[in-house]
Amino acid sequence: MEPETKWAISILEDGFGRVREGVEHALLGLSPDQLVRQPSPAANSVGWLVWHLSRITDDHFAAVAHVLGGGEAPRRRERVVPPGQLWPEWQPRLGTPYAEGSTGYGHTAEQVAAFPRIDPALLSDYHAAVHGRALEIVRGLAPGDFGAIVDFRWDPPVTVAVRLVSILNDATQHIGQAAYVRGLLTFHWPGGHT
């Protein structure tokens, strides 16, 4: 493998590893009630945020693997559910009320509020499985894979490299939001308010 490819892979491993650490920290010690508590009716909960970033990672990495494995990249604007996601196996365990292909993109406040009260460890386990699958795909990348088109629905079409950076960017934003919400839930204000 070329040194540039090894370097790119190591950066991606580090970036997604930091997201994994952030997920573990965001969920550590939370109760099922805290997991779904929203700072305001229109705000996201820690649980929904971690689920959403995990779903996006699961969905988008499955799409990358599908195309690199010889599958067709999507060309039309309709929602395409790529094969090879871990979510169908995890959805019954987490008990979410969302459609199988849902990633949380475009969810309403009501849909966010419908995220179930579950053991945070279960959500962490789903993210760990997604993280493991993502690292498998990243570690299997060849030098020519980074420029492969994975999505023709955008102008310019999206390459593997752009999609991976996009996934990482989305995940880091959402884990930052989850950490902020966790802080709101666990910080004790003077005067006894939480």
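Here, each number is a calculation from the coordinates, and none is a lab measurement. Note that the structure is a prediction, hence the values are computed from the model and not measured. Virtual Cβ from ideal backbone geometry, glycine too; neighbours counted across all protein chains shown.
What to note about this one:
- Angle in degrees between helix 46-68 and the longest Cα principal axis of the chain, rounded to the nearest 10: 10 degrees
- Take the Cβ atoms of Leu122 and Asn169, set R0 to 30 Å, and the FRET efficiency comes out at 0.70.
- Of Trp87, Trp7, the sequence from fewest to most neighbouring Cβ atoms within 10 angstrom is Trp7, Trp87.
- Relative contact order (%) - segment 82-161, alpha-carbon pairs under 8 angstrom, separation at least six: 20 percent
- If you plug the beta carbon distance of Phe187 and Trp7 into 1/(1 + (r/R0)^6) with R0 = 45 Å, you get a FRET efficiency near 0.70.
- Ranked by how many other Cβ atoms sit within 10 Å of their own Cβ, fewest first, the residues Tyr180, Tyr98, Tyr126 fall in the order Tyr180, Tyr98, Tyr126.
- Using alpha-carbon coordinates, inclination of helix 3-27 to the longest axis of the chain, degrees: 20 degrees
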